[in-house]
Structure formats: structure tokens, C-alpha cells
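The block underneath contains the structure these notes are about, expressed in C-alpha cells.
The values are calculated or read from the model by the stated rules, or taken from the named source; none is laboratory data. All values derive from a computational prediction rather than experimental measurement. FYI the Cβ positions are ideal-geometry reconstructions off the backbone, even for glycines, and counts take in every protein chain you see.
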Amino acid sequence: MITDMQNRFHETACAGPALISRSARLLNFLPVSLLLAALFFFSAGKACAAPLYAERTDRASIEDMAGILSDEEERDLLSLAEQISLDNNMDIRVVTTDDTGGKSTRSFSDDYFESLTGTYEGACYLIDMDNREFYLTTEGRMIWYINDDRRDAILDHAYGYASSGDFDEVFRSMLSDTQRFLNQGVEHGTVQYDEDTGTYTYYSEPKGVTFGEGLLAGLIGLLTAAGSFFGIRAKYQLKFPEKENYSFHDNVHLNLNMKQDSFVRRFVTHRHIPRNTGGGGGGHSHTSTTHHTSSGHSAGGGGRKF
């Protein structure tokens, strides 16, 4: 009996240090566990910061990396961007950031837009909290619609909201003004001026025929053909159908005559007519100034510090 109690006491006494050692190891592992958990939640947060795309198109998105918009503001802005994208078949990207990775605001906006687009048609709207600047990038057809004058009007209108920290209204103002200018169409006389090469590109009106114009042209063609037909028939007093005993061989005659022309000489004068393109971005009523992005595409736009 005594021997059994002594054995049990010995086993308990020996187990004590083992339990203490196991607890110590758990305590040592706790900081590592906390670190791993923090990394997991940080990674999950980054994953949730991916662009939020519109329901009806993947060509409209919003990404609030700076965390300056509420969920409701994001949904409303995304809906507005979606409608502009669908109405005009362009990419509309809305983004905020508090870290451009050393890039300028313009470079960050250009690169962000091109990382999401496959058509290089549309615009990017950026609020850069790192450099305290909001920016508008335009590419493709959007460059024609948003020339320098319209760009300045968009930025000036949004500046008051940016300076007061109303960032939701900054985006809302820029998107609404963009839609208004798109509805107005390209201004007559708009040219693109490439500031990197000093060259100009002139806008050509797209050729198209409306339904009314096509119908009118068809009616004019039909009336012209009918007039010619009945006019010739009346002039030659043609009767249809022709008599069965009419002989083409007896009534058709073909006479061939030979004529020869002699070439004497020809004088041709060539004169170069220079094109007046102006200089330094001037000389045009409406100019869209462009630059080359890091990928080599042409982009317009501009920004304002706040």
C-alpha cells in the first residue's frame, strides 16, 4: 500500500516539470502565432482592396486603397462610372491611393489605367493622398472629347471639393462633367498636340449615314431610274413585249471605224503647298495636349494640387 502511494507520488512529481516545460514551450510559441495571425489578416485586407467592378460591365471599377470613401459612396460612384462606360463603350476607372511607390501622380494614374484596360479607351480618376493631388488621365477617343479647355473646366469645378476634403464630391463632379462633355460631342477644330514630339493630329469626323439619309437616297435613286427608263421608252416609242417575228439579225447593224491619235508633248508643273500647323500648341481653337505613357501609348489629362 505504502509502496503504491510512493510510486504514484513519484509519477506526479516527475510529471510536474514536464507540464511546466510544455507550458513554457506554448508561451514561447504564442508570439509567433500572433505574428502569423497578423500577417494573415493583413494579407486578407490587401486582397479585399482589389478593384470593385460594376455589375453590368468589367470596364468600370473603383478601388479605394487610401480608405477615404464609405461603402455607400463607393457604390454610388461605381454606378455613375458604370453608366458612363456603357453609354460610351469606354473604360472608366476610379481609384484612391496613399502610396504611389515613388511615382508622380500622372505616372501612377497612367499606369493604373493601363493595368486594367485592354482597349486603351477611356479615363482614370485618381485622388493621390501621397502627393496631395487629384488627377484625370484620358486615352483613346476620350482625348478628343476632353480637350485642354474641358479638362481645366473639370479640374477647376472639382478643386473646391478637394480643398475641403469632400473626396466623394471630387469624383462625382469629375464624372458628371465628363458625361456632359461626352454628350456634347467633340468640339469642332479639335487637334491633338504631342508635347513629346511636337506633332499634331487632326480630328476627322466619322463617316456615317442615318436611316433617314439612307431612305432619302434610296427614293432619289428609284425616281431617277424610273425617269430614265420611261424617258427612253417614250423617246424611242418602245413597246413591250416585242413582236415574235422581230429579227435582231436583220435590224441590228455594227459599224467599226479606226482612229489613231499621236502624242506630241506634255508639260507638268509641281508646286509644294506648305501646311500651316502653327507652333508650340497654339494656333488652334481647341487643343488636347498629350504625352507618352511608360508603355508608349498617348495619354492626355491633368491634375490639381490640394
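The table for this structure:
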{"read-out": "Residue selected from the range 134-170 under the condition hydroxyl-bearing (Ser, Thr, Tyr) and without any contact (Cβ under 8 Å) to a residue 24 or more places away in the chain, by the criterion nearest to Asp91 (Cα to Cα)", "value": "Tyr161"}
{"read-out": "Leading residue by the ranking (modelled with the highest pLDDT) among those in the range 33-67 that are more than 24 Å from Ala81 (Cβ to Cβ) and among the hydroxyl-bearing types (Ser, Thr, Tyr)", "value": "Ser33"}
{"read-out": "Test: residue in the range 89-112 that is modelled with pLDDT of 95 or more, in a helix (DSSP H, G or I), under 22 Å from Asp156 (Cβ atoms) and in contact with a helix residue (DSSP H, G or I) (Cβ under 9 Å, 6 or more places away or on another chain)", "value": "no"}
{"read-out": "Options Ala162, Ala123: the member that is of a type in the set (Gly, Ala, Ser), over 22 Å from Glu82 (Cβ atoms) and in contact with a helix residue (DSSP H, G or I) (Cβ under 7 Å, 6 or more places away or on another chain)", "value": "Ala162"}
{"read-out": "Qualifying residue in the range 105-122 (condition: crowded, with 24+ Cβ neighbours inside 10 Å, within 14 Å of the chain's Cα centre (by Cα), among the small types (Gly, Ala, Ser) and closer than 22 Å to Thr287 by Cβ)", "value": "yes"}
{"read-out": "Helices (runs of 4 or more DSSP H) enclosed by the range 129-226 - at least 3 residues per element that are polar (S, T, N, Q), surrounded by 12 or more Cβ atoms within 10 Å (Cβ to Cβ) and touching an Asp or Glu at 6+ places or on another chain (Cβ under 8 Å)", "value": "none"}
{"read-out": "Complete set of residues in the range 59-82 that are small (Gly, Ala, Ser), more than 18 Å from Thr137 (Cα to Cα) and outside any helix (DSSP H, G or I)", "value": "Ala66, Gly67, Ser70"}
{"read-out": "Members of the range 73-82 that are surrounded by fewer than 20 Cβ atoms within 10 Å (Cβ to Cβ) and either among the small types (Gly, Ala, Ser) or at pLDDT below 95 (or both)", "value": "Ser79"}
{"read-out": "Condition met for Ser85 (crowded, with 20+ Cβ neighbours inside 10 Å, free of Cβ contacts under 8 Å to residues at least 60 places away in the same chain, polar (S, T, N, Q) and outside any helix (DSSP H, G or I))", "value": "no"}
